[in-house]
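Before any comments, here is the structure.
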Amino acid sequence: MILQQGINLNKLDKGCIIFNYKKEEGYKILTVDSNRYDARYWLEHFLSVDVFQDENFITKKYLKFCQEFAKDVVLPAEDKQQEVLFMNRAVNHFAKNDDFEETAFLNEVMTNPEFIPEFKNYKVDKGAKYSIEDVSSFPIANAAVTDARKKMKNTIQLDTNIQIKLDFINPESAEKFVEKGWDEEKQMYYYLVYFNKEQKS
């Protein structure tokens with residue numbers, strides 16, 4: 001970039017950079033807004049812009065959609081462990097593939113095949129909210145996968161003031177070494193965790 005004229009950007013309230021790119025579609029911009037409360041005015045009314053729907057946008061939206069499916073469908077039907085494990089498998093599928101193909105995705109991440117039609121119905125109902133209603137294949141943006149992984153909760157919070165944190169990188173550990181059961185005598189659920197030795201933090 002060559003600076004022609006400028007002002008100090010400390011404590012910038014709102015600003016944007018307009019790139020000489022995609023002119024016929026109205027140019028591509030980067031925008032910043034320190035006051036989130038009037039973001040709609042800034043983006044829609046003043047700049048009159050839409051989100052650029054590239055692979056980063058689609059990857060992010062599809063993973064967010066999966067997260068909502070896990071919360072609304074998997075959690076009520078199964079439990080918190082299965083909700084976390086489903087998102088684990090979903091994120092890892094995105095992480096190890098360059099391109100997304102919905103059928104292959106569903107066949108890999110759905111350990112319970114009954115959830116596949118549930119997923120498709122959920123997409124019909126909620127797909128438009130995440131701008132993925134007509135999306136079934138796209139290039140995967142690795143940066144969006146990394147961001148999504150950081151934001152996802154992988155903790156089972158119990159009402160006995162105990163937390164079980166599951167590893168997003170190695171989901172097979174949670175499936176092989178964590179078992180859920182019911183104790184008739186105590187009339188309580190339990191998690192049984194297998195390990196060889198405690199790790200030093």
How big is the range 10-121 by the Kirkwood estimate over distinct Cα pairs, in Å?
-> 17.0
Within the accessible area of the range 110-201 (1.4 Å probe), percent carbon and sulfur = 48
Mind listing which GluC sites (Glu not before Pro) in the range 76-167 are in a DSSP loop and have 10 or fewer other Cβ atoms within 10 Å?
-> 114
CD proxy, 222 nm, the chain: helix-only mean residue ellipticity via -39,500 (n - 2.57) per DSSP H run with n ≥ 4, per residue, nearest 500, stands at -10500 deg cm²/dmol
Could you state the accessible area per residue of the chain in Å², with a 1.4 Å probe and every protein chain left in place?
-> 73
With label points built 7 Å along Cα→Cβ from the Cα atoms of residue 10 and residue 143, find their separation and express it in nm.
-> 2.8
Within the range 1-78, list the chymotrypsin sites (Phe, Trp or Tyr not before Pro) lying in a DSSP loop whose Cβ has at most 14 other Cβ atoms in a 10 Å radius.
-> 21, 27, 52
How big is the C-alpha Rg of the chain next to the rule-of-thumb value 2.2 N^0.38 Å, as a ratio?
-> 1.32
Extension length gain for residue 125 and residue 19 (0.36 nm per residue less Cα distance), in nm, is 34.5 nm
Given a cut-off of under 8 Å on Cα pairs at least six residues apart, what relative contact order in percent is computed for the chain?
-> 16
Cross-link table 126/186; 120/180; 61/197; 129/180, entries beyond 30 Å C-alpha to C-alpha | 126/186; 61/197; 129/180
Cα-based radius of gyration of the range 39-79 once divided by 2.2 N^0.38 Å, which approximates compact folds | 1.72
Roughly what would the spin-label model give for residue 182 and residue 48, points 7 Å off Cα along C-beta, in nm?
-> 6.2
Subtracting the Cα-Cα distance from 0.36 nm times the residue separation, let me have the gained length for residue 103 to residue 35 in nm, one decimal.
-> 20.4 nm
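Find me the longest stretch of the chain that has none of the exposed trypsin sites (Lys or Arg not before Pro), where exposed means in a DSSP loop (not H, G, I, E or B) with at most 15 other Cβ atoms within 10 Å. Write out the running numbers ahead of the final one.
On the way: sites that count: 11, 22, 153, 186, 197, 200.
Result for the longest clean stretch: 23-152.
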In nm, the gap between the two label points placed 7 Å beyond Cα toward Cβ at residue 159 and residue 27 is 5.7
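The values are calculated or read from the model by the stated rules, or taken from the named source; none is laboratory data. Only a predicted model underlies this, so the values are computations on that prediction, with no experimental measurement involved. Note: ideal-geometry Cβ built from the backbone for every residue, glycine included; neighbour counts use all protein chains shown. Surface accessibility is based on the protein's heavy atoms, side chains included, excluding ligands, DNA and RNA. Shrake-Rupley method; radii C 1.70, N 1.55, O 1.52, S 1.80 Å.
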